[in-house]
1. Being over 26 Å from B:L46 (Cα atoms), in a strand (DSSP E or B) and free of Cβ contacts under 8 Å to residues at least 40 places away in the same chain: is that true of A:S67 here?
2. State the number of residues belonging to the range A:56-65 that are at pLDDT below 95 and either among the aliphatic types (A, V, I, L, M) or touching a Leu at 6+ places or on another chain (Cβ under 8 Å) (or both).
3. Residue by residue through the range A:59-74, note down the ones that are open to solvent by less than 20 Å² (accessible area, probe 1.4 Å) and in contact with a Lys or Arg (Cβ under 8 Å, 6 or more places away or on another chain).
4. Going through the range A:36-58 one residue at a time, which ones are of a type in the set (S, T, N, Q) and surrounded by fewer than 18 Cβ atoms within 10 Å (Cβ to Cβ)?
5. Take the range B:8-27 and flag every residue that is open to solvent by 20 Å² or more (accessible area, probe 1.4 Å), within 16 Å of B:I79 (Cα to Cα) and assigned to a strand (DSSP E or B).
6. In the range B:68-114, which residues are out of contact with any Lys or Arg (no Cβ under 6 Å at 6 or more places or on another chain), in a strand (DSSP E or B) and more than 14 Å from every other protein chain (Cβ to nearest Cβ)?
7. Would you call B:G108 in contact with a Ser or Thr (Cβ under 9 Å, 6 or more places away or on another chain) and on the phi > 0 side of the Ramachandran plot?
Amino acid sequence: GQNIDQPTEMTATEGAIVQINCTYQTSGFNGLFWYQQHAGEAPTFLSYNVLDGLEEKGRFSSFLSRSKGYSYLLLKELQMKDSASYLCAVRGSNDYKLSFGAGTTVTVRA
Amino acid sequence: EPEVTQTPSHQVTQMGQEVILRCVPISNHLYFYWYRQILGQKVEFLVSFYNNEISEKSEIFDDQFSVERPDGSNFTLKIRSTKLEDSAMYFCASSEIAAAGTQYFGPGTRLTVL
């Protein structure tokens, strides 16, 4: 099975940087995904890591260390619209389903 | 940009009734999924589907659930006899390839069982 942990809530100021950590313990690993979810809406794909290292996509970056079972999502130059839940999800090596963490609610304040 | 669509956006039903939730995956995608999210809880996998058959299903996906691809574009989830605890947001997702593909989610159907 998969055990995925991430903080419940984080608050940051507009224009600042926030780092959301995710740790996982899995029976197999074939990629880690970050999704953004606004309340009442669908998860929207943000980033994907399967190899160790940093993936950068505009204001969003994601890092993976497979040996540590650890990832983080870095949000830079925060905007009010970034207030949302951020979901860490792991894909297993023997199946294609995503196992999700409970999500981290980020609140951006002016 | 292509996207996954779902209908209806909201469905209210009485306990014991059958419901069918519909999805149109992205057109060149081959792998389809259903997930659900009970209010305030995490997203949970229900079932994956490829080549007209179920690839994998979770413990939640019991005999009351079924999936079908009735034609070349639709992918449906049927709940035969709904229970109160089936109330949730149901998301359809699709991916181009399974092992390395990103899953793209539809907007969801909010199911309320009374």
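1. No.
2. 1
3. A:S61
4. A:T44 - this is the single residue of the range A:36-58 that is of a type in the set (S, T, N, Q) and surrounded by fewer than 18 Cβ atoms within 10 Å (Cβ to Cβ).
5. Residues satisfying the conditions are B:H10, B:Q11, B:V12, B:I20, B:R22.
6. Across the range B:68-114, the qualifying residues are B:E68, B:L77, B:K78, B:I79, B:V113.
7. It is true that B:G108 is in contact with a Ser or Thr (Cβ under 9 Å, 6 or more places away or on another chain) and on the phi > 0 side of the Ramachandran plot.
A quick yes/no check of all residues on (1) in contact with a strand residue (DSSP E or B) (Cβ under 9 Å, 6 or more places away or on another chain); (2) closer than 30 Å to A:T104 by Cα; (3) without any contact (Cβ under 8 Å) to a residue 24 or more places away in the chain; (4) crowded, with 17+ Cβ neighbours inside 10 Å:
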residue: B:P2; (1), (2), (3), (4): yes, yes, no, no
residue: B:H29; (1), (2), (3), (4): yes, yes, no, yes
residue: B:Y35; (1), (2), (3), (4): yes, yes, no, yes
residue: B:E56; (1), (2), (3), (4): yes, yes, yes, yes
residue: B:S66; (1), (2), (3), (4): yes, no, yes, no
residue: B:L77; (1), (2), (3), (4): yes, yes, no, yes
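The values are calculated or read from the model by the stated rules, or taken from the named source; none is laboratory data. Everything numeric in this text was worked out from a predicted model, so none of it was measured. Using ideal geometry, Cβ is built from the backbone for each residue, glycine included, and neighbour counts are taken over all protein chains shown. For the accessible areas, the whole protein counts, side chains as well, though only heavy atoms, and no ligand, DNA or RNA atoms are used. Shrake-Rupley method; radii C 1.70, N 1.55, O 1.52, S 1.80 Å.
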